[in-house]
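**Q** Shown below is the structure under consideration.
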Amino acid sequence: MSSTLPAMEYRRLGRSGVQVSVVSLGSWLTFGSQIRNEVAEDLMRLSYDAGINFFDNAEAYAHGRSEQVMGDILRKCAWDRSTYLVSSKVYWGGDKPNQRGLSRKHVVEACHAALKRLQVEYLDLYFCHRPDKDTPIEETVWAMHTLIQQGKVLYWGTSEWSAQQIMEAYAIAREHHLVPPTMEQPQYNLFHRMRVEHEYKRLYSSIGLGTTIWSPLASGVLTGKYAAGIPEGTRLARRGLEWLKNTVLTEDNIRKTELLKPIAAELGATLPQLAIAWCLVCPHVSTVILGASTTEQLRENIAALSIVPKLTSDVLERIEAIVGNKPEPEPEY
């Protein structure tokens, strides 16, 4: 593979004015856990040099160690703060009653803790990691608005919220002249499409929703490495991720992945590059969050940008014929 990476592209994060690289670097299951800190630094330096300007994190990742590792790297690299975006997500902060959820208390305290671990003065993006059935959405909206007014957060959004929940938060914000959510972080890949392509469809035009999508490779299934079983040391072999394995590692998904291999080969791409490029074709995807444990893997995934122009309508139709899960358009009356 050529050591020269394609020029980075940037998209607006929904209707906001902020520009985000079309691929970004996430730290789930890697920073502070799976990889050494030196490798994490190599990944961030490679990302930054390739034009990636968004680094995604969360209080739950490695119980806060992921943010600590990223913060140490950011301090060491000393990049101009205006050249990158860093995020955190709030929900799972601990086992005590007020250490989880989206209460004003936890949202504010989790933000302060993230700022300390990441060693930054503000979070560019702050996500509600999941909806909280025990906290009124109005309370969460006010907490986010207050943090923005204080300059500790610039933009806030949600992760894996339903369209109805997002619209409720948006309506509350508008009613009280507060800052509304402007982005959502959903799972999106060739096997998981309904939310991005169907459920959120009206939100892109009505509220200008941006998306920072995760799991473009369906937790590694779309790399093809699980065709003959679960290799030791892979994500789906890890204890505690049985829920993930049971969701994505199905015979049907493995069969479809094998059928995609010839298309990738014809395009001069790897399976991961094909899967990532396919996500980037969607006009509602602001950025694809990449996860990587080696610089070689990250280089391969960033190079998917060069595959996007090759995904012609004919190629996309061949892919659709294999996956067979395109959401049905809403009827027009």
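**Q** So for segment 231-239 (the condition being outside any helix (DSSP H, G or I), in contact (Cβ under 8 Å) with a residue 12 or more places away in the chain and β-branched (Val, Ile, Thr)), does at least one residue qualify?
**A** There is at least one residue in segment 231-239 that is outside any helix (DSSP H, G or I), in contact (Cβ under 8 Å) with a residue 12 or more places away in the chain and β-branched (Val, Ile, Thr).
**Q** Could you check how many residues of segment 43-58 are closer than 17 Å to THR212 by Cα and crowded, with 22+ Cβ neighbours inside 10 Å?
**A** Residues that pass the stated criteria total 8.
**Q** Only one of THR135, THR146 is in a helix (DSSP H, G or I) and among the polar types (S, T, N, Q); which?
**A** Criteria check complete, one pass: THR146.
**Q** Still on this structure: Looking only at segment 219-248, filter to residues that are under 20 Å from THR270 (Cβ atoms) and of a type in the set (Lys, Arg); which one of those is nearest to the chain's Cα centre (by Cα)?
**A** ARG235
**Q** I've got another one for you. Identify the single condition in (1) in a helix (DSSP H, G or I); (2) crowded, with 20+ Cβ neighbours inside 10 Å that HIS198 does not satisfy, given that it satisfies every other one.
**A** The number of the failed condition is (2).
**Q** Scan segment 298-333 for residues that are in a helix (DSSP H, G or I), without any contact (Cβ under 8 Å) to a residue 24 or more places away in the chain and not aliphatic (A, V, I, L, M) and report the count.
**A** 5
**Q** Output yes when any residue across segment 89-98 is within 30 Å of ALA303 (Cβ to Cβ), in contact (Cβ under 8 Å) with a residue 60 or more places away in the chain and not in a loop (DSSP other than H, G, I, E, B), and no when none is.
**A** Yes, some residue in segment 89-98 is within 30 Å of ALA303 (Cβ to Cβ), in contact (Cβ under 8 Å) with a residue 60 or more places away in the chain and not in a loop (DSSP other than H, G, I, E, B).
**Q** From the set of residues in segment 22-42 that are of a type in the set (Gly, Ala, Ser) and within 22 Å of GLU9 (Cα to Cα), which is surrounded by the most Cβ atoms within 10 Å (Cβ to Cβ)?
**A** Result: SER27.
**Q** Being more than 16 Å from LEU125 (Cα to Cα) and of a type in the set (D, E, K, R) is the filter; apply it to segment 166-192 and report the residue that is surrounded by the most Cβ atoms within 10 Å (Cβ to Cβ).
**A** By that ranking, first place goes to GLU168.
**Q** Among the residues of segment 46-58, is any in contact with a Lys or Arg (Cβ under 6 Å, 6 or more places away or on another chain) and not β-branched (Val, Ile, Thr)?
**A** Yes, segment 46-58 contains a residue that is in contact with a Lys or Arg (Cβ under 6 Å, 6 or more places away or on another chain) and not β-branched (Val, Ile, Thr).
Every number in this text was worked out from the coordinates using simple rules, so none of it is lab data. Owing to the predicted nature of the structure, the values given are computational and were not obtained by experimental measurement. Backbone-built Cβ (ideal geometry, glycine too); neighbour counts: all protein chains shown.
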